[in-house]
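The values are calculated or read from the model by the stated rules, or taken from the named source; none is laboratory data. On a predicted model such as this, the values are computed, not experimentally measured, just so you know. Methodologically, a virtual Cβ is constructed for each residue, glycine included, from the backbone with ideal geometry; neighbour enumeration extends over all protein chains shown. We work out accessible area using only protein heavy atoms, side chains counted, and drop any ligands, DNA or RNA first. Shrake-Rupley method; radii C 1.70, N 1.55, O 1.52, S 1.80 Å.
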Amino acid sequence: MANIENQKFIALDISGKNYLSWVLDVKLHLSAKKLRYTIDEDNGASNEKRVTALIFLRHHIDDGLKYKYLTVENPLELWQNLNDMFAHLKAVVLPKALNDWSQLRFQDFKTVSEYNSTLFKIVS
């Protein structure tokens, strides 16, 4: 339970269903901590900065993914491995979101709250 309380946002699910929002959250948090460059190519980050970024990344992924990438000691390598594993989701999720957006009609909902909820799901 302590692990959940320490997380800044929801961990990356092993299925990757939240990968796109997770990527944005990670980039924002790493930028805020001045560690964003650690996941860029040819970054020249110090060992201390790489370890800090790696701990952050590992703290925000599913336990199954932690075990899969147990031997990865570089945040850039972990970032690229996760990208290789889940990057295809953009090609799947975006067309569905565009279709949902085109089919969204205010009159199909009983309340404004239901409409807003559906709207925000599509946008996210």
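The trypsin sites (Lys or Arg not before Pro) found in region 13-112 that occupy coil by DSSP, while having at most 15 further C-beta atoms within 10 Å, are Lys17, Lys33, Lys34, Arg105, Lys110. Ordering Thr111, Tyr19, Pro95 by the projection of their Cα atoms onto the charge dipole of the chain, which places +1 on the Cβ of Lys and Arg and -1 on the Cβ of Asp and Glu, puts Thr111 at the extreme positive end.
The H on the amide N of Ile61, modeled in the peptide plane, is under 5 Å from the matching H of Leu12, each at least 5 residues off or on a different chain. For the set Lys27/Lys49; Lys17/Lys96; Lys33/Lys66; Lys66/Lys90, the pairs lying more than 18 angstrom apart at their alpha carbons are Lys33/Lys66; Lys66/Lys90. Using a probe of 1.4 angstrom and keeping all protein chains present, the accessible surface of the chain works out to 68 square angstrom per residue.
The portion of the accessible surface of the chain made up by carbon and sulfur, rounded to a whole percent, is 56 (1.4 Å probe; DNA, RNA and ligands excluded).
A DSSP coil position with no more than 15 other Cβ atoms inside 10 Å describes the following chymotrypsin sites (Phe, Trp or Tyr not before Pro) in region 21-124: Phe109. Per-residue Karplus couplings for region 86-91, computed as 6.51 cos²θ - 1.76 cosθ + 1.60 with θ equal to phi - 60°, are listed in order as 10, 4, 5, 4, 4, 5 Hz, Gly and Pro entered as x.
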